[in-house]
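The structure appears below as structure tokens.
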Amino acid sequence: MDNPAQKIRLIMELRRQGISNTDVLSAIERVPRDVFVPKTFKDRAYENIALPIASGQTISQPYVVAYMTQLLNLDKRRKVLEIGTGSGYQTAILARLCRRVYSIERYRNLLQAAEEQFKALKITNITTKIGDGHKGWPEQAPFDRILVTAAAEEVPEELLDQLGNEGIMILPVGRDSADQHILRVRRDGNGEVTKEALLSVRFVPMVQGVAGDS
């Protein structure tokens, strides 16, 4: 149920909230969020809210997706690691803005559903696997950008090791959901790392290991 009027309203709301990157706004306009949400919530797909998906996970609020994507400062040369494929919506947005996305998910049922949508939308620059997000994807490292879509208690060292020089990692950090914020981690050309706390958020926790189907 791709509703053009609702989509325009959402884009205007994101602009009002400070999303100014035209490439990010264009990606949000072109990726149909309704195909990534459960049937029962399709009529709310273009509201600026998070929605539940399978396995106790969520599809993030469009503003948070746009905000985190804008912070990545993407272009078509970038190789991106995403931790937490989830519904696949954020992955599809990234795929429009970079060279290739490597996305890891711990729930097999979520990953299979996301992969079906990527295929239906003819998105071909996404590589996925089942795995523990804390470990990243060392065989494909280093990455220009890393995006984590679940809240870690602190920056996972293995992910930091996979961030290339002049790279950016965006992730929610916090020990409980009432005290989480977006952290921007940058590695300069000399390998020096700086961290900057930004927006307060509420994400599902980042859990170690691979889940069974649920």
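The values are calculated or read from the model by the stated rules, or taken from the named source; none is laboratory data. Fair warning: this is a prediction, and the values are worked out from it, not measured in the lab. Please note: Cβ atoms are built from the backbone with ideal geometry, for glycine as well, and neighbour counts cover all protein chains shown.
Assorted remarks:
- Of the residues making up the stretch 19-58, just one is of a type in the set (K, R), under 18 Å from Q117 (Cα atoms) and without any contact (Cβ under 8 Å) to a residue 12 or more places away in the chain, namely K39.
- Inter-residue pairs, beta-carbon under 7 Å, first acidic (D, E) and in the stretch 141-161, second modelled with pLDDT of 95 or more and assigned to a loop (DSSP other than H, G, I, E, B), 6+ apart: D144/R78; E158/G136
- Filtering the stretch 32-70 to residues that are crowded, with 17+ Cβ neighbours inside 10 Å and either hydroxyl-bearing (S, T, Y) or on the phi > 0 side of the Ramachandran plot (or both) leaves Y46, S55, T58, S60, Y63, Y67, T69.
- Residues of the stretch 45-63 satisfying the condition of being at pLDDT below 95 and assigned to a helix (DSSP H, G or I): A54, S55, G56
- Criterion (under 17 Å from V24 (Cβ atoms), without any contact (Cβ under 8 Å) to a residue 24 or more places away in the chain and out of contact with any strand residue (DSSP E or B) (no Cβ under 7 Å at 6 or more places or on another chain)) met by exactly one of Q70, Q61: Q61
- Listed by position, the strands (runs of 3 or more DSSP E) contained in the stretch 78-152 that have at least 1 residues being surrounded by fewer than 16 Cβ atoms within 10 Å (Cβ to Cβ) and out of contact with any strand residue (DSSP E or B) (no Cβ under 6 Å at 6 or more places or on another chain) are 126-130.
- When the stretch 1-10 is limited to residues that are among the charged types (D, E, K, R) and part of a helix (DSSP H, G or I), the one that is surrounded by the most Cβ atoms within 10 Å (Cβ to Cβ) turns out to be K7.
- Residue within the stretch 185-200 that is within 14 Å of the chain's Cα centre (by Cα), closer than 15 Å to L71 by Cα and in contact (Cβ under 8 Å) with a residue 24 or more places away in the chain present: no
- In the stretch 11-44, the residues that are small (G, A, S) and assigned to a loop (DSSP other than H, G, I, E, B): G18, S20
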